[in-house]
Amino acid sequence: MSMVIAEHLHKTFGRFVAVRDASFSIDKGEIVGFLGPNGAGKTTTMKMITGYLPPTAGTASIAGFDVLKNPLEARRHMGYMPENVPLYDDMRVYEYLEYRARLKGICGSSVRQQIAFVIDRCGLEPKRKNMISTLSKGYRQRVGLADALLGNPDLLILDEPTNGLDPNQIRQIRELVRSLAEDHTVILSTHILSEVEQICNKVIIIDQGDIKAADTPANLTHGLRAAGRVSIEFKGDLECVVKELEAFAPVKKVIHEETLPGGWHRLIVRAEPGTDTREKAAAIIASHSFPMRHIYRHIPNLEDVFVEMTRRD
């Protein structure tokens with residue numbers, strides 16, 4: 001069952017196209033990393049999915065409810081944490097969550113139950129009576145997550161939840177998000193690609209307003225051009241080795257990165273996806289009796305996918 005369906009979402013601001021014909025779906029229980037360079041259209045897409053920003057064209061639905069035609073029903077299934085969490089500094093943590101719970105239509109004894117649940121889940125018990133103005137950035141992010149969790153929504157949309165945090169705070173929020181994913185569908189927008197690899201089972205990449213990919217991290221890395229990349233360090237006739245490598249059919253390009261102290265040349269050999277040129281490269285260098293001290297086949301990761309999808313060259 002699809003929790004989120006976006007169909008041909010398009011958003012323009014004057015002549016500027018922020019998002020262009022974006023279509024994708026997210027199934028119930030998936031943890032999805034939403035990636036893109038700065039200005040790629042991530043936040044605009046998030047805002048359209050949540051109903052905070054109307055699309056110029058196209059539709060979006062959450063749990064089967066159109067976010068524009070049935071906004072209240074759609075929002076009952078959704079918790080949204082924006083990039084810059086809007087908090088009231090003159091309220092205590094508990095007061096703020098109580099205020100937000102009532103705004104979301106939670107009433108009666110459910111208010112206390114819900115607040116107790118999100119405070120415990122987000123590790124806010126030590127700060128429940130503190131003024132929000134006194135909280136660190138990490139705890140402010142936790143309050144934003146607690147707000148998103150009120151009402152126990154099916155879908156959590158987290159826009160840069162670790163933005164501006166130090167490494168320890170990032171680790172804490174990452175563990176928290178991972179635990180939340182056990183009971184919720186999660187869309188996570190972040191620049192930290194290692195975070196996505198560790199947490200997410202699906203990745204959507206957007207660049208210049210276009211959806212470039214929507215698949216599992218494993219499928220995206222499989223067959224990537226970088227999978228055919230080999231780095232070599234050797235000492236000898238550079239022009240001769242480059243010429244012979246370029247004559248080998250699977251090789252697409254040989255790049256001389258630099259010459260290191262002692263006359264060691266560092267090459268990058270780019271080949272067809274799924275090929276391994278190490279044996280051939282080693283044989284070429286050995287045939288000339290040139291010394292070689294390093295040969296390595298690069299194993300692609302999500303960062304390689306991201307760079308490949310968004311590169312300008």
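Hey, what do the phi angles of region 120-130 turn into as Karplus ³J(HN,Hα) couplings, whole Hz, using 6.51/-1.76/1.60 and θ = phi - 60°, x for Gly and Pro?
Coupling constants for region 120-130: 5, 5, 9, x, 9, 3, x, 10, 4, 9, 6 Hz.
Based on the Cβ-Cβ distance of Thr310 and Glu125, what FRET efficiency does E = 1/(1 + (r/R0)^6) give at R0 = 45 Å, to the nearest 0.05?
Working from the Cβ atoms, E equals 0.65.
Magnitude of the Cβ-charge dipole of the chain, K/R +1 and D/E -1, about the Cα centre, nearest 20 debye?
It works out to roughly 560 debye.
I need Ser231, Ser287, Ser109, Ser25 ordered by Cβ neighbour count within 10 Å, fewest first.
Ranking Ser231, Ser287, Ser109, Ser25 by Cβ neighbours within 10 Å, fewest first, gives Ser109, Ser287, Ser25, Ser231.
Divide, for region 225-310, the radius of gyration over alpha carbons by 2.2 N^0.38 Å, where N is the residue count.
The value comes to 1.08.
How high is the FRET efficiency between Cys107 and Leu238 when r is their beta carbon distance and R₀ equals 51 Å, given to the nearest 0.05?
According to the calculation, E is roughly 0.10.
Of Gly51, Gly108, Gly228, which is the most mobile in a GNM of the chain whose springs link Cα atoms less than 10 angstrom apart?
Evaluated over the chain, the most mobile residue of the options is Gly108.
Normalised by the residues of region 225-310, what does the relative contact order come to in percent, with Cα pairs under 8 Å and at least six apart?
Result for region 225-310 is 43 percent.
Can you run phi through the Karplus equation (6.51, -1.76, 1.60; θ = phi - 60°) for region 243-250 and list ³J(HN,Hα) in whole Hz, with x for Gly and Pro?
4, 6, 5, 5, 7, 7, 3, x
Given the -39500 (n - 2.57) contribution per DSSP H run of 4+ residues, what per-residue ellipticity at 222 nm results for the chain, rounded to the nearest 500 deg cm²/dmol?
-10000 deg cm²/dmol
Full extension from Asp89 to Lys137: what is 0.36 nm times the residue separation minus their Cα-Cα distance, to one decimal in nm?
Gain on extension, Asp89 to Lys137, equals 16.0 nm.
With contacts defined as alpha carbon pairs under 8 Å and 6 or more residues apart, what's the relative contact order of region 2-221 in percent?
Reported as a whole number, the value is 28 percent.
Suppose the chain between His294 and Asp21 were pulled fully straight at 0.36 nm per residue; how much longer would it get relative to their current alpha carbon spacing?
Length gained, His294 through Asp21: 93.7 nm.
With everything on Cα atoms, drop me the angle between helix 278-287 and the longest principal axis of the chain, reported from 0 to 90° to the nearest 10.
Helix 278-287 sits at roughly 30 degrees to that axis.
Return the label of the correct value of Rg/Rh (Cα atoms, Kirkwood Rh), as calculated from the structure shown, out of (1) 0.97; (2) 0.95; (3) 1.11.
So the calculated entry is the one marked (3).
Which whole-number percent gives the relative contact order of region 1-83, counting Cα pairs below 8 Å spaced six or more residues apart?
It comes to 31 percent, rounded to a whole number.
Given H placed on each backbone N at 1.01 Å, which residues far from Thr190 in sequence or on other chains put an amide H within less than 5 Å of it?
Under 5 Å from the amide H of Thr190 lie the amide H atoms of Phe34, Glu160, each far enough along the sequence or on another chain.
Under 10 Å, Cα contacts only: if you run a Gaussian network model on the chain, which one of Asp159, Asp147, Asp89 comes out with the highest mean-square fluctuation?
Asp89
Calculate, in nm to one decimal, what Ala218 and Asn70 gain on full extension: separation in residues at 0.36 nm each, minus their alpha carbon distance.
My answer for the length gained is 49.7 nm.
Quick note: the coordinates plus some simple rules give every number you see, no bench work behind them. Keep in mind that what you see is a predicted model, and the values were worked out from it rather than measured. Here the Cβ is made from the backbone with ideal geometry for all residues, glycine too, and neighbour counts use every protein chain on show.
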